[in-house]
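Just below is one structure, and these are the notes that go with it.
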Amino acid sequence: TVAAARPLADAVLVAPRGRSQQLNAGAARARGDWLLFLHADSRVPAPALAVIAALGATARPWGFFRVRLEGASPLLGVVGRCMWWRSRLGGIATGDQGLFVRRALFDAVGGYPAQPLMEDIEICSRLRRHARPQVLALAIGSSGRRWDRDGALRTIGLMWWLRLRYFLGAAPEALHEAYYGRR
């Protein structure tokens, strides 16, 4: 991955395994007032980047986008719309939706928590204690390969089951194992 990324990036960082550690390493290296966090399989269209660049001091200090899941399943459009409404109503986004946050607020909440899964849910919960998110209607594309591979309905069930278990206090390590299997 590092060799493939080097010719395409200004800088390639190496950090310990785990999404939260890697996201925090990127934030530590970034220099801007706004940080944008994306899953590796997400794509941000140019208009969305322009919106982030135009966020000023009066903007809410964090937010996220609508997601457009890309894949073969005809249910992906419905899943994306449901994610959008769930996130708008609850103020909690997933990494597929791209999270943007002012550096000062990111630092104030301690960055991403050092946990192997649900780090996006946890940071949104922490950010929400400071301010409601700015929810942008512009869509970013995100891979639907898991939905295609495992089936949309089965994946929906798994996602909701994991979130429920998390909200009921299950350890992120146990949820990681349930989601990815033993590594």
Task: Percent of Cα pairs exceeding the 25 Å cut-off, where the set is the chain - done: 34
Open item on the list: At 222 nm, what value in deg cm²/dmol follows for the chain if DSSP H runs of at least 4 each add -39500 (n - 2.57) and the sum is divided by all its residues, to the nearest 500?
Closed with: -13500 deg cm²/dmol
Task: Whole-percent carbon and sulfur share, accessible surface of the stretch 57-146, 1.4 Å - done: 55
TODO: Taking the Cα centre of the chain as origin, work out the dipole magnitude from +1 charges on Lys and Arg Cβ and -1 charges on Asp and Glu Cβ, in debye rounded to 20.
DONE: 240
- [ ] Give a residue-ordered list of calculated ³J(HN,Hα) values for the stretch 78-89 (Karplus: 6.51 cos²θ - 1.76 cosθ + 1.60, θ = phi - 60°; whole Hz; x for Gly, Pro).
- [x] 5, 4, x, 5, 5, 4, 4, 5, 4, 5, 5, 6
Task: Sequence-separation-based contact order of the chain, relative, with Cα cut under 8 Å and 6+ spacing, percent - done: 29
Open item on the list: Probe of 1.4 angstrom, ligands and nucleic acids ignored: what's the accessible area per residue over the stretch 52-183, in square angstrom?
Closed with: 50
Open item on the list: Taking θ = phi - 60°, what integer Hz values does the Karplus form 6.51 cos²θ - 1.76 cosθ + 1.60 yield along the stretch 44-49, in sequence order, with x for Gly and Pro?
Closed with: 9, x, 3, x, 5, 5
Task: Pair R86, W34: separation of 7 Å Cα→Cβ label points (nm) - done: 2.6
- [ ] On a C-alpha basis, how far is the centre of the stretch 114-163 from the centre of the stretch 1-59 in Å? Whole number, if you could?
- [x] 17
Open item on the list: Given an 8 Å cut-off on Cα distances and at least 6 residues of separation, report the relative contact order of the stretch 80-183 as a percent.
Closed with: 28
Open item on the list: Among M83, L69, S20, which residue has its Cα furthest toward the positive end of the charge dipole of the chain, with +1 on Lys/Arg Cβ and -1 on Asp/Glu Cβ?
Closed with: M83
- [ ] May I ask for log10 I(q)/I(0) of the stretch 77-164 at q = 0.18, 0.24 Å⁻¹, from a Debye sum over the Cα atoms as equal point scatterers with solvent left out?
- [x] -0.88, -1.38
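The values are calculated or read from the model by the stated rules, or taken from the named source; none is laboratory data. All figures in this text were calculated on a predicted structure; none of them were measured in a lab. For neighbour counting, all protein chains shown are included, and Cβ atoms are generated from backbone atoms with ideal geometry for every residue, glycine included. Each accessible area value is taken on the protein alone, full model and side chains, heavy atoms only, with ligands, DNA and RNA left out. Shrake-Rupley method; radii C 1.70, N 1.55, O 1.52, S 1.80 Å.
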